[in-house]
Structures are given as C-alpha cells and as structure tokens.
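The values are calculated or read from the model by the stated rules, or taken from the named source; none is laboratory data. Since this is a predicted model, take the numbers as computed values, not measurements. Neighbour counts are summed over all protein chains in view; Cβ atoms, including those assigned to glycine, are modelled from backbone coordinates with ideal geometry. Side chains are part of the model used for accessible areas, which takes the heavy atoms of the whole protein and leaves out ligands, DNA and RNA. Shrake-Rupley method; radii C 1.70, N 1.55, O 1.52, S 1.80 Å.
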Amino acid sequence: MNDKDYMQLALQLAEKGLGWTAPNPMVGAVIVKDGQIIGKGWHEKYGQPHAERNALASCTENPKGGVMYVTLEPCCHYGKQPPCVDAILDAGIRRVVIGSADPNPLVAGKGAAILRAKGVEVTEHVLQEECDRLNRVFFHYITTKRPFVVMKYAMTMDGKIAAYTGASKWITGAESRNHVQQLRHRYSGIMVGVGTVLVDDPSLACHMTGGKNPIRILCDSHLRTPLEAQVVATAKDIPTILATCCTDVTRHAPYVKAGCRILCLKEKDGHVDLNQLMERLGQEQIDSILLEGGGTLNWAALESGIVQQVQAYIAPKLFGGSMAKTPVEGMGVPSPAAAFHLKNSRLYRLGDDILIESEVDHSCSPGL
C-alpha cells in the first residue's frame with residue numbers, strides 16, 4: 001500500500017462521523033509502522049477526542065517511529081480537546097501525511113509548521129480533492145460563519161414537483177427517499193417555508209434508523225403556521241425555530257409555550273431577510289441546512305445568494321399541467337444569459353431515479 005491507499009482508508013474512517021461531528025469537521029486517521037497498520041481512528045462526535053488521538057489510543061504497538069495519515073491538518077490550539085500536534089509529538093510519530101489544509105484561522109498551516117519545526121516529516125495534499133469534498137460544509141462554515149445551504153427537491157422529467165391538484169406523494173422511489181433521510185441526518189438544520197407547512201404538514205424528522213433529527217427552521221414571515229401543525233406539536237421533542245417578521249409577542253406566546261423558538265428578523269421583499277437569518281443561525285453553530293422548501297422559498301434563497309449546492313432528484317415520470325408546481329418559482333430571470341449557473345455536477349443512480357448534485361457558481365451572478 002502507498003500513501004494514497006492509506007489516505008483512502010482514513011477517508012473511509014472519517015465518513016463514520018457523518019452527522020455527528022458538526023460544527024467540527026469529519027476526520028479520519030491511520031497509523032502505519034513497518035508497513036503494517038497499527039492504529040485507526042476518527043472523530044466520532046462533537047466534543048469528543050479527535051481522530052488523531054483516537055488512532056493513537058487504538059495502537060496495537062508503540063507508535064514511535066510510525067507514520068500517521070490524517071485527512072485534515074492536525075489542530076494546534078485548545079478547544080473542547082487539547083492540540084493534536086502535542087499528542088503526535090509525544091507519541092514519537094516520525095512522519096505525518098495530510099490530506100486537506102485546515103482553513104480555520106486558529107490552525108491554517110500552523111499545525112504542519114509546528115510538526116516540521118519539531119523535526120517531523122510532513123507530506124501534504126495527498127488525495128486533497130477527496131478530503132476537501134468530505135468537509136466542504138466545514139470549510140464554508142469556518143470561513144464565512146454561515147451555514148452551508150443545500151437546496152433539495154424531487155421532480156418529474158418535465159420539471160414538476162406536484163401534480164396540478166397539489167398531490168406530490170410520491171414522485172421518486174424508495175431509494176431516493178431513503179437517501180433524503182440520510183441527508184436529514186447529515187445536515188444540522190432543515191428549512192421550509194410556511195407554504196409547505198400549510199399544504200403538506202410535514203414532520204421534517206429523520207426517519208433513518210439510528211439517525212438524528214435536524215433542527216427545524218420555518219420561514220414564516222407573518223406567523224401563519226397552525227398551532228396543530230406537526231412541527232409545532234412536536235417542538236418539545238425536536239428543536240424548532242420560527243423565523244418571522246412578526247414582532248407581536250402575544251402572537252409568539254402559544255408557539256413558545258409549545259416549545260418553539262422565535263427569531264424576529266427584518267423583512268426584505270415581503271419575507272424574512274434570509275441573509276440575516278443565515279447570520280443568526282451561524283452564530284448558533286448551525287453549520288448546514290437542507291432546504292426542502294417549495295418554489296417560492298427556493299427562488300428567494302437563490303436570489304438572496306445563500307445557496308451553495310443544489311440536489312435534484314429526477315424521476316422517470318411526466319405530470320404535465322401548466323399550473324403544476326415547479327421547483328423554482330418567483331419572478332425568474334429575464335433571459336438565459338441571466339441564469340443562475342451551476343458547476344461541478346455529479347450524477348448518481350438511485351433505483352430508477354437520477355440525482356444530480358451541483359454547486360452554485362456565485363461568480364456568475366444573474367443580471368436581475
């Protein structure tokens with residue numbers, strides 16, 4: 001095995017922390033000595049030991065003189081855990097192979113520099129693209145202090161998210177729906193508009209075995225969410241935030257009593273200011289949001305520039321109907337040249353459905 005092989009194993013270990021490490025990154029580590037793997041570990045949960053320390057603790061023999069492969073630059077500052085560079089130096093590791101550099105200003109090259117200064121050989125950028133992709137949420141959050149937003153929707157091949165009657169269950173197959181539950185486990189928050197609550201009354205919970213529920217965020221500018229809605233009725237069990245422009249505390253009271261939190265925000269273009277909402281959520285360490293809204297909220301989110309990624313589940317079906325709902329509504333762009341551009345698209349097959357995952361290219365802003 002070579003450096004890339006060991007780093008690939010470290011990546012597989014890192015993915016075991018999916019959904020549990022936020023707002024920390026997912027990290028995996030492998031320790032090799034005399035051509036044999038003697039230790040493996042990953043960051044298992046926020047607040048618990050980091051991958052490097054878990055790998056060292058698992059060693060089957062003394063790691064002195066060994067090589068550590070780690071998907072992210074080791075930390076060199078005190079947080080909820082002590083610096084990993086100290087543990088590496090104390091263990092006598094002779095070489096450290098790193099996948100991604102850590103953009104956290106508290107690290108940002110300092111971890112690798114400290115190791116080199118202490119005589120440890122450091123090799124960087126091994127499988128960097130794969131390591132960077134693993135932690136795209138963390139990289140966005142740590143550099144912007146705002147959540148990474150994924151706009152997700154399911155549609156037919158003629159671009160409909162519901163029939164003309166409003167019926168939408170089910171567009172995609174079981175494999176796609178199971179994949180969505182994995183996303184709900186992975187991301188810290190899930191956001192919809194009040195229109196979705198009024199029409200579908202969703203629970204917005206994670207139904208994956210062993211999964212965790214995301215924090216539910218409802219964009220309800222004028223506080224129209226029914227008190228009997230599932231998201232309100234279960235707010236004492238699953239954290240629920242109502243983002244609104246309504247400042248009347250008497251109207252807040254029944255929601256607060258039910259267990260909801262109220263965030264009062266400025267109004268922009270007739271709805272809550274989504275950029276202000278992202279700032280507030282970022283301050284609360286919500287590092288990522290799965291946007292499961294309808295066409296109105298999706299357009300507002302794109303127009304506000306808060307979306308980083310789009311995930312479109314496409315079913316081999318045709319609904320037709322000039323009045324049937326589409327994924328992105330609003331005013332729309334005035335011409336093809338003014339379109340929102342997507343890049344780095346990846347395709348996945350999920351049963352009979354296709355998932356297209358693309359990044360929003362913010363360098364190509366629409367000329368609205």
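Here is a list of conditions, (1) in contact with a Phe, Trp or Tyr (Cβ under 8 Å, 6 or more places away or on another chain); (2) closer than 17 Å to residue 29 by Cβ, and residue 111 meets all of them except one; can you say which number that is?
Condition not satisfied by residue 111: (1).
Being farther than 18 Å from residue 136 by Cα and either open to solvent by 20 Å² or more (accessible area, probe 1.4 Å) or within 18 Å of the chain's Cα centre (by Cα) (or both) is the filter here, so list the residues in region 6-37 that pass it.
Within region 6-37, the subset farther than 18 Å from residue 136 by Cα is 6, 9, 29-37.
Once the filter is applied, which keeps residues that are farther than 18 Å from residue 136 by Cα and either open to solvent by 20 Å² or more (accessible area, probe 1.4 Å) or within 18 Å of the chain's Cα centre (by Cα) (or both), region 6-37 yields 9, 33, 34, 35, 36, 37.
What residue, of 177, 224, 216, 184, is part of a strand (DSSP E or B), of a type in the set (Lys, Arg) and either open to solvent by 20 Å² or more (accessible area, probe 1.4 Å) or touching a residue at least 12 places away in the same chain (Cβ under 8 Å) (or both)?
Within the list 177, 224, 216, 184, the selection yields 216.
What's the number of the only condition in (1) touching a Gly at 6+ places or on another chain (Cβ under 7 Å); (2) in contact (Cβ under 8 Å) with a residue 60 or more places away in the chain that residue 362 fails to meet?
Here residue 362 clears every test but (2).
From 127, 72, grab the single residue that is on the phi > 0 side of the Ramachandran plot and open to solvent by less than 40 Å² (accessible area, probe 1.4 Å).
Matching residue, one of 127, 72: 127.
Inspect all residues belonging to region 264-276 and state whether any of them is within 22 Å of residue 187 (Cα to Cα), touching an Asp or Glu at 6+ places or on another chain (Cβ under 6 Å) and open to solvent by 30 Å² or more (accessible area, probe 1.4 Å).
No, because not a single residue in region 264-276 is within 22 Å of residue 187 (Cα to Cα), touching an Asp or Glu at 6+ places or on another chain (Cβ under 6 Å) and open to solvent by 30 Å² or more (accessible area, probe 1.4 Å).
If the requirement is being over 30 Å from residue 140 (Cα atoms) and in contact with a helix residue (DSSP H, G or I) (Cβ under 9 Å, 6 or more places away or on another chain), which of these qualifies: 64, 40?
64
Please state which one of 201, 273, 237 is in contact with a Leu (Cβ under 6 Å, 6 or more places away or on another chain) and not hydrophobic (A, V, I, L, M, F, W, C).
After ruling out the rest, the residue left standing is 273.
Tell me which of these residue 170 doesn't satisfy, since it passes every other one: (1) surrounded by 14 or more Cβ atoms within 10 Å (Cβ to Cβ); (2) over 19 Å from residue 357 (Cα atoms).
If we test residue 170 against (1) surrounded by 14 or more Cβ atoms within 10 Å (Cβ to Cβ); (2) over 19 Å from residue 357 (Cα atoms), just (1) comes out false.
Does region 198-210 hold any residues that are open to solvent by 30 Å² or more (accessible area, probe 1.4 Å) and either among the acidic types (Asp, Glu) or within 16 Å of the chain's Cα centre (by Cα) (or both), and which are they?
Of everything in region 198-210, those that are open to solvent by 30 Å² or more (accessible area, probe 1.4 Å) and either among the acidic types (Asp, Glu) or within 16 Å of the chain's Cα centre (by Cα) (or both) turn out to be 200, 201.
Test residue 164 against the criterion of being farther than 19 Å from residue 71 by Cα, part of a strand (DSSP E or B) and open to solvent by 30 Å² or more (accessible area, probe 1.4 Å), and give yes or no.
The answer is no for residue 164.
Name the pairs whose Cβ atoms lie under 7 Å apart, with the first residue in region 106-123 and within 12 Å of residue 95 (Cα to Cα) and hydrophobic (A, V, I, L, M, F, W, C), the second open to solvent by less than 40 Å² (accessible area, probe 1.4 Å) and in a strand (DSSP E or B), and 6 or more positions between them or separate chains?
112/98; 112/122; 115/96; 115/122; 120/95; 120/96; 122/96; 122/98
Among the candidates 85, 107, single out the residue that is open to solvent by less than 40 Å² (accessible area, probe 1.4 Å), among the hydrophobic types (A, V, I, L, M, F, W, C), part of a loop (DSSP other than H, G, I, E, B) and touching a Cys at 6+ places or on another chain (Cβ under 8 Å).
Exactly one of 85, 107 is open to solvent by less than 40 Å² (accessible area, probe 1.4 Å), among the hydrophobic types (A, V, I, L, M, F, W, C), part of a loop (DSSP other than H, G, I, E, B) and touching a Cys at 6+ places or on another chain (Cβ under 8 Å), namely 107.
What is the number of the single condition among (1) within 27 Å of residue 27 (Cα to Cα); (2) touching an Asp or Glu at 6+ places or on another chain (Cβ under 9 Å); (3) part of a loop (DSSP other than H, G, I, E, B) that residue 119 does not meet?
Failed condition: (2).
Are any residues in region 300-323 of a type outside the set (S, T, N, Q) and either farther than 22 Å from residue 163 by Cα or crowded, with 20+ Cβ neighbours inside 10 Å (or both), and if so, which ones?
So in region 300-323, the residues of a type outside the set (S, T, N, Q) come out as 300-303, 305-307, 310, 312-321, 323.
The answer is 300, 301, 302, 303, 305, 306, 307, 310, 313, 314, 315, 319.
Kindly provide the set of residues from region 15-29 that are more than 13 Å from residue 49 (Cα to Cα) and assigned to a helix (DSSP H, G or I), ordered by number.
Selection gives 15, 16.
Got at least one residue in region 78-90 being without any contact (Cβ under 8 Å) to a residue 60 or more places away in the chain and of a type in the set (S, T, N, Q)?
Within region 78-90, one or more residues are without any contact (Cβ under 8 Å) to a residue 60 or more places away in the chain and of a type in the set (S, T, N, Q).
Which residues, counting only those in region 228-247, are closer than 20 Å to residue 272 by Cβ and either in contact (Cβ under 8 Å) with a residue 24 or more places away in the chain or crowded, with 21+ Cβ neighbours inside 10 Å (or both)?
Of all residues in region 228-247, those closer than 20 Å to residue 272 by Cβ come to 229, 231-232, 235, 239-247.
Listed by number, the residues that qualify are 229, 231, 232, 235, 239, 240, 241, 242, 243, 244, 245, 246.
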